[in-house]
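Before we start, here is the structure in question, set down as structure tokens.
The values are calculated or read from the model by the stated rules, or taken from the named source; none is laboratory data. Quick caveat, the model's predicted, so the values are computed rather than measured. So basically every Cβ, Gly included, is an ideal-geometry build from the backbone, and we count neighbours across all protein chains shown.
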């Protein structure tokens, strides 16, 4: 069920992104933000490149964090991490009790994704998780007139928009994800690169 709730200016948000694909284990980084302009903490864990452990690892990372009780929203940079390690956003919401917002710069090319998944023996299971994430919605944050694309679980459209607008203060990408990306790529590559 997707419900709307009162979004406070200092709502605690965990933004998660992954590092570059350099090894079999891929680092994921979470940044804990108060609204869009105050970072409270950084979380780190590892998932298997092209594995199927992203959901479980993220759930453990969140539940074992001292920030867990204060968090109100999880933000993901897409639903595939470490190659094709797909996050089940419904399970993530169910296991943590925290609404999930998926943010993407562009609308995914599902034909290309399906084609790539044919190379996996469990490609159908991965595709089912991707489909289960639900409808992709276009959202304008008011930054540069550039839209972003979102999926969600456990949160309504109005609250999703409020959280995105509150946290997108320097670009169309929310600060928790932008900073998680900078940290993750900076640690693995020696210097941050690319766009969140």
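Just one of the numbered conditions (1) surrounded by 17 or more Cβ atoms within 10 Å (Cβ to Cβ); (2) at pLDDT 95 or above; (3) touching a strand residue (DSSP E or B) at 6+ places or on another chain (Cβ under 6 Å); (4) over 19 Å from residue 7 (Cβ atoms) is not true of residue 181; which one?
(2)
Could you identify the single residue in 79, 130, 148 that is closer than 25 Å to residue 184 by Cα, surrounded by 14 or more Cβ atoms within 10 Å (Cβ to Cβ) and touching a residue at least 60 places away in the same chain (Cβ under 8 Å)?
Only one candidate passes the filter, namely 79.
Here's another thing I want to ask about it. Assess whether residue 123 counts as being surrounded by fewer than 17 Cβ atoms within 10 Å (Cβ to Cβ), free of Cβ contacts under 8 Å to residues at least 60 places away in the same chain, in contact with a helix residue (DSSP H, G or I) (Cβ under 8 Å, 6 or more places away or on another chain) and more than 24 Å from residue 178 (Cβ to Cβ).
Answer is yes for this residue.
Here are 66, 105: which of them is surrounded by fewer than 17 Cβ atoms within 10 Å (Cβ to Cβ) and touching a residue at least 60 places away in the same chain (Cβ under 8 Å)?
Only one candidate qualifies: 105.
For segment 87-95, check the following and say yes or no: at least one residue is without any contact (Cβ under 8 Å) to a residue 40 or more places away in the chain, on the phi > 0 side of the Ramachandran plot, in contact with a helix residue (DSSP H, G or I) (Cβ under 9 Å, 6 or more places away or on another chain) and surrounded by fewer than 21 Cβ atoms within 10 Å (Cβ to Cβ).
no
I've got another one for you. Scanning segment 31-72 for residues that are assigned to a strand (DSSP E or B) and in contact with a helix residue (DSSP H, G or I) (Cβ under 6 Å, 6 or more places away or on another chain), which turns out farthest from residue 130 (Cα to Cα)?
33
Of all residues in segment 88-111, which are modelled with pLDDT of 95 or more and over 17 Å from residue 151 (Cβ atoms)?
Of everything in segment 88-111, those that are modelled with pLDDT of 95 or more and over 17 Å from residue 151 (Cβ atoms) turn out to be 95, 97.
Continuing with this model, one more query. In segment 10-30, what residues are within 19 Å of residue 173 (Cβ to Cβ) and assigned to a loop (DSSP other than H, G, I, E, B)?
Passing the criteria: 11, 19, 20.
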